[in-house]
Amino acid sequence: MSATNESLSHAPVIQAKLKTLPTRPGCYLFRNERGRVIYVGKAVNLRARVRSYFQKHSQHTAKTRRMTAEIANLEWVVTDTELEALILENELIKRYRPQFNVRLKDDKQYPYIKVHWQDDFPKISVVRRMLPDGARYYGPFTSGHAVRQTLDALRKVFPYLDCNREITGSDERPCLYFHIKRCAGPCIGAVDREEYREIVDGLCRFLEGKTDEALQELTQRMMQAAERMQFERAAIYRDQIRAAQRIVERQKVVSNKQEDEDVIAFAVDKGAACVQVFFIRRGRLIGRESFWMEGVGEDENGELLASFLKQFYDEAAYLPPDILLPRDLEERDIIEQWLRSKRGAKVTLRIPKRGAKKALVEMATENARTALGAMQAEWEADAHRHTEAIANLQAALDLPSPPTRIECFDISTLQGANTVGSMAVFVRGAPRKSDYRRFRVRAVSRTGQPDDYAAMREVLQRRFRRALEASEPGPGQQIDPVWRILPDLLIVDGGKGQLNVAVEVLKSLDLFEVVPVVGLAKREELLFLPGRQQPVRLARHSPELYLVQRIRDEAHRFAITYQRHLRRKGMTGSRLEEIPGIGMKRRQALLKHFGSIDAIRNASVDEIAAVPGMTRAVARRVKEML
């Protein structure tokens, strides 16, 4: 068979592979000419699904036509079942983040509330990753700030631990939180293990939406304390009940059936998409979250909704038995099967046609539209400010063209160690973090000490030599596409000295006439230009000054973050090496299992001893020394 798509007539490798596609279920990956994965999909029949992309078809969307024009190679992975293909597809999308797949916008992991239930005295923390460690997790949430606000309110009702003390009940004095009634004080024996776990269990029930049970438990404790004439304790319970009731009052009752269900709806406009999720527990709307999607084109086949369901519930801490949707899905049966396997019980995707549930979906849809409209207004305002800043900066620096792409370089060092460089990139006034790059600097002065000028010279030479290499790559040479794009404006963090270094590097590579460069002095925010005695001072509170400051701060932040990473990496290895009985293999095993020195420090002796190659005696020594 020959591919009829005109854009692929030059790709015999694809035509050959199309003939060998199996008819079994599995996943397929499309790659562009640089080898980057641009799309991941799954199919019940790989041959039929993949070949459909390379045939002229009037129903192909504009997004699909753009994608097929970029395909230079394809791969596939065969699975035994469609369910396995769905699971693999999700993993591959998270790994490669292909540009043509619909996916959750944020690169970061969403925050969860973690209740360390596996400990005798569980503390509460906010984490970004769920682990199979016996803890209870609630989430995900879209805002860490909102999570902490929720916990602050609940702490007035359920005074929990959040410190790293070892609880023995025999400490001489408690911390401030005990005195302000935000901690029950197990450290001094104010409550025993069972009493404290009852408090935390009440918090868990509250987070699960079982508010009536939690209030009944608090009322019962208040009555028991009053009967025992423990009036001060009864008064504490009374205040906790009032605080809990204020929280409950903000939760809207949407059903008298006390059902658990999630309501999902979305809004799409001009390539932007917002998905709204209502969390209903025991008939109460206990919270709602807005999630932003990218890679969105025409949603003719429900791809947006199906993609969200797979990505969101792959990370969700709780799966309700019912999920209400605004429309049906082609993959409905297989997604239900996957959700059932994750929950361990039946999960039903419902599309309500009338009544209260239909009204709930409509309300979620309206919320999604409102959130999307507000965000688009903010984006448009930002775009206007960015356009104004770029135009003003061009005029102030007398640049030949608007500085659409700005690159800023910074050098960071600490006490002579771990000298690093960073490259922050702004495109049309906004950060493009995918283009950020960092450099580990080897340059030193003749005295053997760090030299900021030598470091800047090394970093700029590496950056712009790669630009020249990218313009004429050797046979089989893989080039990072970021290096190919020259900036419209190069900013070096520093005054005349750093500017002179940048000019020297650009002249040596015959790029001085191509790349405009300025030096940014840190104290007075002055911009130094080559060949000019007097620096340029941008107007105070102007958008162009804010733009320059922001990119400078981003470059500095990126350099500092990398430097801290290197320092922490060195400290982690050395601190574990200092512990008797910890050699290279045990150190690697511990770091692989826990991920960081902080996680090892917070682990129990039993958890450390469970790591392959560890003994209980060595685990106890690790715990003591950390």
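Quick note: the coordinates plus some simple rules give every number you see, no bench work behind them. Computed from a prediction, not measured in an experiment: that's the story for all the values here. As a convention, Cβ positions derive from the backbone with ideal geometry for all residues, glycine included, and neighbour counts pool all protein chains shown.
Around the Cα centre of the range 578-625, unit charges on the Cβ atoms of Lys, Arg, Asp and Glu (plus for the first two, minus for the last two) sum to a dipole of about 160 debye. Placing a pseudo-label 7 Å from each Cα along the Cα-to-Cβ vector at C175 and Q99 gives an inter-label distance of 4.7 nm.
Relative contact order for the range 39-179: what percent, with Cα pairs under 8 Å and sequence separation of 6 or more?
Numbers: 111 pairs, mean separation 25.7, N = 141.
Over the range 39-179, the number comes to 18 percent.
Across the chain, the mean sequence separation of Cα contacts (distance under 8 Å, 6 or more residues apart), normalised by length, yields a relative contact order of 8 percent. Please name whichever of G302, V482, C274 sits farthest to the positive end of the charge dipole of the chain, dipole taken about the Cα centre and charges placed at Cβ: Lys and Arg +1, Asp and Glu -1. Value: V482. Remark: the range 405-565 is approximated by an ellipsoid whose semi-axes, taken from the C-alpha gyration tensor as √(5λ), come to 23, 20, 17 Å, largest first.
Label-to-label distance, R228 versus T404, with points set 7 angstrom from Cα along the beta-carbon direction: 7.3 nm.
Calculate, in nm to one decimal, what V514 and W117 gain on full extension: separation in residues at 0.36 nm each, minus their alpha carbon distance.
Values: separation 397, 0.36 × 397 = 142.92 nm, distance 6.09 nm.
Full extension of this stretch gives 136.8 nm more.
With a sphere of radius 10 Å drawn around the Cβ of T211, what net charge do the other residues whose Cβ falls strictly inside it have (Lys, Arg +1; Asp, Glu -1)? So the environment of T211 carries a net charge of +2. Simple spin-label estimate for D314 and D80 gives 2.1 nm between the two label positions (7 Å along the Cα-to-Cβ direction from each Cα).
For the range 599-625, no residue has its backbone nitrogen under 13 Å from a point 7 Å from the Cα of R165, taken along Cα to Cβ. Computed from the Cβ-Cβ distance with R0 of 35 Å, the FRET efficiency linking D480 to E525 stands at 0.65. Spatial offset of the range 331-367 relative to the range 376-442 amounts to 44 Å, using the alpha carbon center of each. Computed from the coordinates I sent, P(r) over Cα pairs in 10 Å bins from 0, in percent equals one of (1) 3, 15, 22, 22, 18, 12, 6, 2, 0, 0; (2) 3, 12, 18, 21, 23, 16, 7, 2, 0; (3) 3, 13, 19, 19, 18, 13, 8, 5, 3, 1, 0, 0. Tell me the label. The value computed from this structure is option (2).
Rounded to the nearest 20, the Cβ-based charge dipole of the range 116-250 about its Cα centre (Lys and Arg +1, Asp and Glu -1) stands at 560 debye. Electrostatic bookkeeping for P403 treats Lys and Arg as +1 and Asp and Glu as -1; over the other residues with beta carbon under 11 Å from its beta carbon, the sum is -1.
Calculate the dipole size of the chain relative to its Cα centre from +1 charges on Lys and Arg beta carbons and -1 charges on Asp and Glu beta carbons; express the result in debye to the nearest 20.
Values: 103 positive and 83 negative charges, 147 e Å.
Result for the chain is approximately 700 debye, rounded to the nearest 20.
Name the trypsin sites (Lys or Arg not before Pro) in the range 375-434 that are in a loop by DSSP and that have at most 16 other C-beta atoms within 10 Å, would you? Mind showing how you got there, number by number?
Details: sites: R385, R405, R428, R432, K433; in loops: R428, R432.
Filter output for the range 375-434: R428, R432.
Here's the picture: charge each Lys and Arg Cβ at +1 and each Asp and Glu Cβ at -1 in the chain, and of H116, G139, A395 the one pushed furthest to the positive end of that dipole is H116. Think of the range 405-565 as having a plus end and a minus end, set by charges on the Cβ of Lys, Arg, Asp and Glu; of F464, Q563, C408, Q563 sits farthest toward the positive end of this dipole.
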